[in-house]
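**Q** Take a look at the following structure, please.
The values are calculated or read from the model by the stated rules, or taken from the named source; none is laboratory data. In this text, all values refer to a predicted model and were calculated from it rather than measured experimentally. Glycine gets a Cβ as well: all are built from the backbone with ideal geometry, and neighbour counts include every protein chain shown.
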Amino acid sequence: MRKWPYLLAAVLLLNLLTAAPLTAAETLNFSCSAQVAEAFGKPLMQEFIDNSGIVVHTHVSSSNLAISRLLNGFSQIAGSARPLRRQEIETALIEIPICRDPLAIIVHRDCSAASLTSDQVRRIFNSEIDNWKEICGKDQPVTAIVPGKETAAFANFHRLAMRMNDIRYDFMTWKSTAAVEAVRYMPGAISFIGHVAVMDTPDIKMLAIDGKSVTDTDYPFMQTFSLVTRGKPEQTARALIDYALSDRVTNFIVTHDMIPVID
């Protein structure tokens, strides 16, 4: 039996494989705060993937865990809703601010209160005020709900609203966005979250603070959303940073009542 047809087929196959090598798509592991993920949503991330060809694996968690995953090599970039701590900066973490987002005080839509003072917010979350009749006349217990202590929402509220005084609460959720669902189904409840995460959420009302609504640039409780890398960002992380700072995303930020951070 002649073997040359088989040899010819093998040579042709080898030529095809070497002429058209398969290339794996670039990937990016992204650890992201729940607040940041809610703020920018899946459509923007999908647009980045479609335009760049980079496959992004997103792990949504608290800001603390997102930064921890970055430090431990599980991701190349993190999305955080809290400032970096001194010891984190000393490990060569680099913070790229993207926008400022109001930390909204939220209540169930049936709550008759429309606004609070900063002092009333502090007194509610240290249990000095425990009934809505002290604020708006309605005899209904106040139910204070807070996101987990590991979340940026908790840390930012502790710093901005409570001035580092203890926070007292009735219920704690494991992530910041879960507090929203609790308030939706619990009349008398109050909590806090980045405002863009609840802009279109039914049964939720955002309260003005000291006469300022969340759409006012001088609203008193503002948090900053940032991207974080360890040292100089590699190519795929740099591409995401460039996209986040692009006119496309800046326009999205403005139309969703957030404030772009111009470096």
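**Q** Would you point out the residue of segment 209-245, among those that are among the acidic types (Asp, Glu) and assigned to a loop (DSSP other than H, G, I, E, B), that is farthest from residue 154 (Cα to Cα)?
**A** Within segment 209-245, the match that is farthest from residue 154 (Cα to Cα) is 234.
**Q** Separate question: When you scan segment 179-191, do you find a residue that is assigned to a helix (DSSP H, G or I), farther than 16 Å from residue 33 by Cβ, touching a Ser or Thr at 6+ places or on another chain (Cβ under 9 Å) and among the β-branched types (Val, Ile, Thr), even just one?
**A** Residues of segment 179-191 that are assigned to a helix (DSSP H, G or I), as a first pass: 179-184.
Among the residues that remain, those that are also farther than 16 Å from residue 33 by Cβ are: 181-184.
Within this subset, residues satisfying the condition of being touching a Ser or Thr at 6+ places or on another chain (Cβ under 9 Å) are 181-184.
Filter once more, so that each one left must be among the β-branched types (Val, Ile, Thr): 183.
Yes; the residues of segment 179-191 include at least one that is assigned to a helix (DSSP H, G or I), farther than 16 Å from residue 33 by Cβ, touching a Ser or Thr at 6+ places or on another chain (Cβ under 9 Å) and among the β-branched types (Val, Ile, Thr).
**Q** For segment 165-177, indicate whether the set of residues that are assigned to a helix (DSSP H, G or I) and not assigned by TED's automatic domain parsing to the domain that holds residue 132 is non-empty.
**A** no
**Q** Continuing with the same structure: Mind counting the residues in segment 163-211 that are buried (at least 16 other Cβ atoms within 10 Å of the Cβ), of a type in the set (Lys, Arg) and farther than 17 Å from residue 256 by Cα?
**A** Selection size over segment 163-211: 2.
**Q** Would you point out which residue out of 88, 95 is acidic (Asp, Glu), in contact with a strand residue (DSSP E or B) (Cβ under 8 Å, 6 or more places away or on another chain), assigned by TED's automatic domain parsing to the domain that holds residue 252 and in contact (Cβ under 8 Å) with a residue 12 or more places away in the chain?
**A** On the way: 88 fails: in contact with a strand residue (DSSP E or B) (Cβ under 8 Å, 6 or more places away or on another chain).
One residue alone meets the criteria, 95.
**Q** Turning to a different aspect of this structure: Does residue 242 meet the test of being without any contact (Cβ under 8 Å) to a residue 24 or more places away in the chain, among the charged types (D, E, K, R) and within 19 Å of residue 79 (Cβ to Cβ)?
**A** Spelling it out, residue 242 is indeed without any contact (Cβ under 8 Å) to a residue 24 or more places away in the chain, among the charged types (D, E, K, R) and within 19 Å of residue 79 (Cβ to Cβ).
Here's the yes/no breakdown for (1) more than 15 Å from residue 36 (Cα to Cα); (2) touching a Lys or Arg at 6+ places or on another chain (Cβ under 8 Å); (3) at pLDDT below 95:
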{"residue": "71", "(1), (2), (3)": "yes, yes, no"}
{"residue": "95", "(1), (2), (3)": "no, no, no"}
{"residue": "102", "(1), (2), (3)": "no, no, no"}
{"residue": "121", "(1), (2), (3)": "yes, no, no"}
{"residue": "144", "(1), (2), (3)": "yes, yes, no"}
{"residue": "152", "(1), (2), (3)": "no, yes, yes"}
{"residue": "166", "(1), (2), (3)": "yes, no, no"}
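**Q** Separate question: Mind listing whichever residues of segment 124-133 are surrounded by 14 or more Cβ atoms within 10 Å (Cβ to Cβ), over 27 Å from the mean Cα position of the chain (by Cα) and of a type outside the set (Gly, Ala, Ser)?
**A** Matches in segment 124-133: 129, 130, 132.
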